[in-house]
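The values are calculated or read from the model by the stated rules, or taken from the named source; none is laboratory data. Keep in mind it's a predicted model, so treat the numbers as computed, not measured. All Cβ positions, even for glycine, are placed from backbone atoms using ideal geometry, and neighbour counts span all protein chains on display.
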Amino acid sequence: MAATISAAPLSKLLSAPVKQGKDQIGGPIASKAGLSSTISELSESIRRRSISPVEVTRDCLARIEKLNPSLNAFITVTADAALGQARTAEEEIQHGKWRGPLHGVPIGLKDLIDTAGVRTTAASALFKDRVPAEDAEVVRRLKEAGAVIIGKQNLHEFAFGGSSIISAYGEVHNPWDVARIAGGSSGGGAAAVACGLGFGAIGSDTGGSVREPAAFCGVVGLKPTYGRVSTRGVIPLSWSLDHVGPIVGTVSDAAILLRAIAGYDPGDIASADVPVGDYLTEMRKDPKSLRVGVVRAMFFEDLDPEISAAVEQALGVIRTLGAEVRDVSPPVNNDRVLLTAEAFAYHEEFVAKSPELYQPETLRRIRSGAKVSSPEYIRLRRGMEESRRAIALFFKDVDLLITPTTPIPAPAIAELKGNPENLRPKEILMLRNTRPINTWGVPAISVPCGFTKAGLPIGLQIVGPHWREDLVLRLAYGYEQATAWRKRWAGLVS
C-alpha cells in the first residue's frame, strides 16, 4: 500500500515566501502582475512595459523550484532557454515589435510534444534520452507568437491513462490535495496551471486527457475540433482520436492560446484547412440565443452526489443567461478498441525490442491492441466516421451539449496504487464522459462549476459542433462570468 501524502506541506509552501537568488520575495511572485493574473491581463502589462517578461519568467521558475517537489508536475525545466526567450521578448517589445498576447508569457508543454534540442520522454524510460531535432508544429507556432517555453510536463506514460500515476518520473499530485491524482494524461500541465507554475500549458487529448485533469485541478481545459490544431511532432497514442489543446486558468486564456496554435498544417495529414476565428471577440457575444442540450443518458448515470448537485446548479445559471435548455439524446459511440489498435501499431517495434523499458501496466494496455484484426480495425474506423457524421446531423437541432466532465472527484493516489487491479476500471469511469467527444471529433471545454465538501474541484463539460469553438467558448465564458469559481483558483495560485 502506497503511503498517503498529507496536503499540509503544499499548503505551507503556497503561503511561504519564495527565495530567488539572494533576494527573498514576500509572496509567490515578485512581479507587478501576480500568477493569478490571466494571460490577457499579464500580456497587457507586458505590452505597456509595466512588467518585464524576464521578471515574470524568473518568478515562475522560482515557484517551480519551490513547488514541483510536492507536485511533480515537470519532468524537465528549461530555465536557461526560457530566460533567453524572455530576454528576446523584452528586447523586441522595447523596440515596438510586440507579437501579440502570448509575447513574453511563460507556457509549459506536455512531455510528448517535440522540442528541438530538449528531450521529449513521454514519461517513459524508453524515451529517456530522446532529443528531437525539430519542434512540433504547435511549439513552432507558440514561439512565433513570442511565448516563453518554461519546460516539459509530466504525464501518464505515453498518454495511455487518465490518472498520471504511471510514469517513469513518478506520479503527479493534485494541488488541492496532494494525496490525490491530478488526472491524466495531461496531469502535469493541469497541476502546473492550477498552482501557478506558468500561465498556461499545452496538452494532448485522446479520450479526455485535457478536460479530465482540468476538471480535477479546478482549471479550464479545451479540446478543439479534430484537425483544428496540428498534431505533427506530438508522440501519438491514437492517430484517429488525438487532439492538442490548452489548459489555462480562464476561458479567455483558452481563446488566446487556441488562436495561436490553431490553423492548417500541410505537413499533418489530419489537419483541416478551415478558417480560424477571432475567438476572443466571438466569446464575448451574448449566449442567450443558444440552444443547449443536456445529455443525461449515460453521462449523468452513477454520478457522485456532490457532482450531480453542482452540475444541476450550473444548469440553473445557464438558464438565467437566457439559453434554451432541454434534455437530448445524441448517438453515442464509447468504443475503446480503436485506440488500443492504433497504440499498438505505433509501439509494435518498440515493444518487441525493449518491453522492459515500459511501465508494466502501460505494456499490458499496448499489447492488448495486438488482438485487433485488420477487418475489425476497418469496421471500427468506419464506425468512428459514421459517428462523426451522425453527430454533425444531430447538431442541426441544438447548438451545444452539456455534461459533467467527470462522474467522480479526483481519487486518492493510495487508493489506486494500493488496488492496481481497479486502476483501469476507475480510469474508464473517470474518462467515461469525455471519451465519446473524441470519437465525435467535436470541440469541448471543461470549466470549474463547484467544489466538493472536501475541497475538490468539479468540472462542467460544454460540447459544440465541428469547427464551432466560438460557440463553446461563448457559453463557457458567459457561465464563468456569472459565477465566482475562478476566484477559488486565483486564491490557490496567489
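So here's what we get for this one:
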{"item": "Residue satisfying condition, being under 21 Å from Cys217 (Cβ atoms) and modelled with pLDDT of 60 or more, within set Lys12, Lys66", "result": "Lys66"}
{"item": "Residue in segment 274-286 that is closer than 18 Å to Leu401 by Cα, surrounded by fewer than 16 Cβ atoms within 10 Å (Cβ to Cβ) and touching a Gly at 6+ places or on another chain (Cβ under 8 Å) present", "result": "yes"}
{"item": "Residues located in segment 360-390, provided they are without any contact (Cβ under 8 Å) to a residue 60 or more places away in the chain, assigned to a helix (DSSP H, G or I), crowded, with 16+ Cβ neighbours inside 10 Å and hydrophobic (A, V, I, L, M, F, W, C)", "result": "Leu363, Leu380"}
{"item": "Residues of segment 123-141 classified as of a type outside the set (D, E, K, R) and out of contact with any strand residue (DSSP E or B) (no Cβ under 9 Å at 6 or more places or on another chain), total", "result": "5"}
{"item": "Scope segment 295-311; condition over 24 Å from the mean Cα position of the chain (by Cα) and either of a type in the set (A, V, I, L, M, F, W, C) or surrounded by 15 or more Cβ atoms within 10 Å (Cβ to Cβ) (or both); matching residues", "result": "Ala297, Ala309"}
{"item": "Residue check, Asp335 among the acidic types (Asp, Glu), at pLDDT below 95 and more than 20 Å from Ala476 (Cα to Cα)", "result": "yes"}
{"item": "One residue from Ala147, Ala133, Ala159, Ala116 being touching a residue at least 40 places away in the same chain (Cβ under 8 Å), over 15 Å from Val193 (Cβ atoms) and not acidic (Asp, Glu)", "result": "Ala159"}
{"item": "Residue list for segment 297-310, restricted to those being closer than 23 Å to Ile391 by Cβ and touching a Ser or Thr at 6+ places or on another chain (Cβ under 8 Å)", "result": "Ala297, Phe299, Phe300"}
{"item": "Criterion (farther than 14 Å from Leu460 by Cα and either in a loop (DSSP other than H, G, I, E, B) or not hydroxyl-bearing (Ser, Thr, Tyr) (or both)) met by exactly one of Ala314, Ala309, Ala272", "result": "Ala272"}
{"item": "All positions within segment 357-369 that are within 15 Å of Ser238 (Cβ to Cβ) and not basic (Lys, Arg)", "result": "Thr362, Ile366, Ser368, Gly369"}
{"item": "Hits in segment 243-269 - residues which are in a loop (DSSP other than H, G, I, E, B) and free of Cβ contacts under 8 Å to residues at least 60 places away in the same chain", "result": "Tyr264, Pro266, Ile269"}
{"item": "The listed residue being within 17 Å of Trp485 (Cβ to Cβ) and modelled with pLDDT of 95 or more, out of Ala214, Ala270", "result": "Ala214"}
{"item": "Subset tally (residues that are among the charged types (D, E, K, R) and either under 11 Å from Ser240 (Cα atoms) or not in a helix (DSSP H, G or I) (or both)) for segment 336-351", "result": "2"}
{"item": "Glu480 vs. criteria of a type in the set (Asp, Glu), at pLDDT 95 or above and in contact with a strand residue (DSSP E or B) (Cβ under 9 Å, 6 or more places away or on another chain)", "result": "yes"}
{"item": "Check on Ala191, of a type in the set (Gly, Ala, Ser), surrounded by 24 or more Cβ atoms within 10 Å (Cβ to Cβ) and farther than 15 Å from Val463 by Cα", "result": "yes"}
